[in-house]
């Protein structure tokens, strides 16, 4: 991995280095945390600082600002979001992005992972009798909480992992709301997804163009239609992966290897 510098700057303030170092270490990279750089300026999950952009735009802005802060030409950053699933809006999806930027080589390489396995929940004083169930369901302890005083619209505490602290706040502020803390070091399920996004990024950083050796020789789009295993009619499932180099524009089209025809349950003819 000589083309990537070590130590490599990571702009983070929520202990992501502990998650990411084991992913990058096999490639000879040690991560250097950007001490003093306030990533909360790009938005907070609890709403105290609004998030104005989507995660992909924000992760690039955060990475570039962190590199400027540290006087580095290369760097990493991570950004996540929670929201309704595009086609199943009653479900919450966690989307994680990582980016590697190299200003000298004009490189931007993105890693991404999404999951429906999330811990994203709220409870307020009007449903106080449900508190024990809420705490059990969200694995309170490893999973931190945020406490809000709804009467004054204030966030009073983040990262609550202790039952006594939570009970004292509830006694002191009768109109309260608690929610799962979505910051990386307080949310074990999100940590799993950040690791998956990092694995995607390192794979892309080491997938080189066969013609010019530019990294991130990745799938740019999918095409074609797999046929149904029963009726042999085309389905809506894609058949080909189209790889393209961002530098020399070399292209390769490959048939997907995970399946060669589609299960009839996904066929509009067999299962309309």
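Observations on the model:
- Judged by the ratio a/c of the largest to the smallest principal axis of the C-alpha gyration tensor, the stretch 1-78 counts as prolate, that ratio being 1.5 or greater while a/b is larger than b/c.
- Using alpha carbons only: equivalent-ellipsoid semi-axes of the stretch 219-266, gyration tensor based, whole Å: 27, 8, 7
- Protection proxy ranking, peptides 254-263, 82-91, 187-196, 134-143, average beta carbon neighbours within 10 Å, highest first: 187-196, 134-143, 254-263, 82-91
- Ranked 105, 204, criterion: other C-beta atoms within 10 Å, fewest first: 105, 204
- For the chain, the antiparallel share of DSSP beta bridges with both residues in that region comes to about 85%.
- Förster radius 22 Å - calculated FRET efficiency between residue 88 and residue 126, Cβ distance, rounded to 0.05: 0.20
- Averaging Cα coordinates gives a centre for the stretch 1-38 and one for the stretch 177-251; these two points are 22 Å apart.
- If the segment from residue 164 to residue 231 were pulled out straight at 0.36 nm per residue, it would be longer than the present Cα-Cα gap by 17.9 nm.
- Residue order, fewest to most surrounding Cβ atoms within 10 angstrom, among 248, 270: 248, 270
- Taking 0.36 nm per residue of separation and subtracting the current Cα-Cα distance, fully stretching the chain between residue 247 and residue 51 would add 67.3 nm.
- Three-way shape call for the stretch 166-264 based on the alpha-carbon gyration tensor, with the a/c threshold at 1.5: oblate
- Gaussian network model of the chain, springs between alpha carbon atoms under 10 Å - residue of 70, 153, 198 with greatest fluctuation: 153
Rule-based calculations on the coordinates, nothing more; no lab input. In this text, all values refer to a predicted model and were calculated from it rather than measured experimentally. Here the Cβ is made from the backbone with ideal geometry for all residues, glycine too, and neighbour counts use every protein chain on show.
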